[in-house]
Amino acid sequence: MKPKLLLGIFSIVLFTSLLMYNFGNSISTYVNFEQAADRTSSHVVGKWDRTKDYGFSRETMQFSFHMEDEDGNVRRVVFPRPKPNNFEQATQLVVIGEMRNNVFHANDMLMKCPSKYNENPDFEAAQF
């Protein structure tokens, strides 16, 4: 075989392998806080623990709160941005980041808020 053909095939295989490796690392599954301790990046689903303190620190420029995951584990979550506007209305939170020293350091946070489009019980569908 010609050297250029072998080099081309080798380059394609190498590029495809690197692409698959990076794609595999970017996929993160939903886990609880206990499982997140063993991973470098994870998504944890839960709800805000309203019984514990929360707030934004001007010294560290971080918002921190406590969250209970779906298995009942409560951990402190540190978010490097101000408190999101609809944080108090959220019925469910997804924090994306990693556990360090029993504290979850979130890089991103997603909030599920109640829908304003829920069916109105007073509304009766018109029958045609």
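The values are calculated or read from the model by the stated rules, or taken from the named source; none is laboratory data. It should be emphasised that the depicted structure is a prediction, and the values quoted were computed from it without experimental measurement. Methodologically, a virtual Cβ is constructed for each residue, glycine included, from the backbone with ideal geometry; neighbour enumeration extends over all protein chains shown.
When both residues are 6+ apart or on different chains and their Cβ atoms are under 8 Å apart, which pairs have a first residue that lies in region 69-89 and is in contact (Cβ under 8 Å) with a residue 24 or more places away in the chain, and a second that is assigned to a loop (DSSP other than H, G, I, E, B) and among the acidic types (Asp, Glu)?
Listed by first residue and then by second, the contacts come to Val74/Asp49.
Applying the selection to region 18-55, what residues are polar (S, T, N, Q), over 13 Å from the mean Cα position of the chain (by Cα) and modelled with pLDDT under 85?
To start, the set of residues in region 18-55 that are polar (S, T, N, Q) comprises 22, 25-26, 28-29, 32, 35, 40-42, 51.
Filter once more, so that each one left must be over 13 Å from the mean Cα position of the chain (by Cα): 22, 25, 35, 51.
Listed by number, the residues that qualify are Asn22, Asn25.
Quick one: in region 64-92, of everything that is hydrophobic (A, V, I, L, M, F, W, C) and within 16 Å of Thr51 (Cα to Cα), which residue is surrounded by the fewest Cβ atoms within 10 Å (Cβ to Cβ)?
So the first thing to find is which residues in region 64-92 are hydrophobic (A, V, I, L, M, F, W, C), and the list is 65, 67, 74, 77-79, 87, 90.
Filter once more, so that each one left must be within 16 Å of Thr51 (Cα to Cα): 65, 67, 74, 77, 87, 90.
Details: Phe65: 22, Met67: 24, Val74: 14, Val77: 25, Phe87: 17, Ala90: 17.
Of everything passing the filter in region 64-92, Val74 is surrounded by the fewest Cβ atoms within 10 Å (Cβ to Cβ).
Filter region 22-71 down to the residues that are closer than 24 Å to Lys83 by Cβ and of a type in the set (A, V, I, L, M) and list them by number.
Ala36, Val44, Val45, Met61, Met67
Which strands (runs of 3 or more DSSP E) does region 31-97 wholly contain that include 3 or more residues that are at negative phi? Spell out the reasoning first.
Working: elements: 42-48, 55-57, 62-69, 74-79.
Once the strands (runs of 3 or more DSSP E) in region 31-97 are filtered for at least 3 residues that are at negative phi, what remains is 42-48, 62-69, 74-79.
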